[in-house]
Amino acid sequence: MTLAELLRLARQRLEASGIEDAALDARLLVEHFTGTSRSDAIAWPDMVTESQAVAAVEAALERRSAGEPVHRILGFREFYGLELSLSAQTLEPRPDTEILIDAILPFMRDVAAREGACRVLDLGTGTGAIALALLANVPDATAIGVDVSADALATAARNAAGLGLADRFTALRSDWFSQVNGRFHVIASNPPYIRSDDIAGLQAEVRLFDPVRALDGGEDGLQPYRVIAAQAAAHLEQDGAVVVEIGNTQRLEVISIFENECFRLLEARRDLGGNDRVLLFAVA
Ligand code: GLN
């Protein structure tokens, strides 16, 4: 089968299964499992693909047709220009979380310019997405990525090594702050923030494939923010900041949780869909 034929077959299969982004997903899967690039498909449409690669694409198409997200099948996804491995215990990094990176980078660059260092704590690091994107963009920074899942920490450490950031990244197994020592210039988190009762109503690609521990924020979805707000000041440098991702209806509640712990809002940002998504706080 030629590359062009395989691409067509893949797209048709996914379309027939009702997959929304059939053409894009077909291309990603075919490229990955045949080891070709987008330009190969344009320059060499008649290239004959090996039967092993065709079989691997077919297996991937079955999984995609059954509803598995395309990046889970690939085993990696891009976040802030970095390629990150995923595992069953890591949330798939979302493009919306890139807003958090944009929001805190200028603050980190100021700290690094002033102090020659910038220490970051990433609570619930998962793939390491937030910590690693920050390290990749602030050469003087170091980060501790905290997670309760040993599997997630192994994934984060592997990602750090793959990106050449291992010397500035430490994976720490801890339930929030319980094993954390020292003070940081930035405490960052994309915590679980879905209300427990809403988990069942999430779209299947999220509900069935993202770890529930990375989604479930307790009865009102706000419990992780209470834990972070209550303990962050004890782990922040004097001029430090806390940056958190929030659910799109949680802005006022999360601001009030942090204000009750003597933080003040520095900045609020919306995501690409216009939803409140990121809050930045400093000690009041
Ligand atoms: N943004 C994710 C979703 O709605 C939730 C991630 C989280 O709880 N931190 O799928």
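Among the residues of region 205-254, those identified as of a type in the set (D, E, K, R) and either modelled with pLDDT of 95 or more or within 10 Å of the ligand (Cβ to nearest atom) (or both) are E205, R207, D210, R213, D216, E219, D220, R226, E237, E245, R251, E253. Restricting A160, A154, A88 to residues that are part of a helix (DSSP H, G or I) and surrounded by fewer than 17 Cβ atoms within 10 Å (Cβ to Cβ) narrows the list to A154.
In a residue-by-residue description of region 124-142, the property of being more than 13 Å from the ligand (Cβ to nearest atom), assigned to a strand (DSSP E or B) and within 17 Å of the chain's Cα centre (by Cα) applies to no position. For first residues located in region 49-68 and over 11 Å from L29 (Cα atoms), partners that are not aliphatic (A, V, I, L, M) and lie 6+ apart or on another chain with Cβ distances below 6 Å form the pairs T49/T34; S65/S17.
Taken across region 95-110, residues that are touching a residue at least 24 places away in the same chain (Cβ under 8 Å), within 16 Å of the ligand (Cβ to nearest atom), surrounded by fewer than 22 Cβ atoms within 10 Å (Cβ to Cβ) and over 20 Å from F281 (Cβ atoms) do occur, with at least one present.
Take the conditions (1) in contact (Cβ under 8 Å) with a residue 60 or more places away in the chain; (2) more than 16 Å from the ligand (Cβ to nearest atom); (3) surrounded by 14 or more Cβ atoms within 10 Å (Cβ to Cβ); I187 misses just one of them, which is (2). Within region 234-256, being buried (at least 18 other Cβ atoms within 10 Å of the Cβ), without any contact (Cβ under 8 Å) to a residue 60 or more places away in the chain and not in a strand (DSSP E or B) holds for I246, G247, Q250, R251, V254, I255.
On the stretch given as region 111-151, residues that are at positive phi and surrounded by fewer than 20 Cβ atoms within 10 Å (Cβ to Cβ) total 1.
The values are calculated or read from the model by the stated rules, or taken from the named source; none is laboratory data. In this text the structure is predicted, and so the values were computed from the model without any measurement. Every residue, glycine as well, gets a Cβ built from its backbone with ideal geometry; the counts of neighbours run over all protein chains shown.
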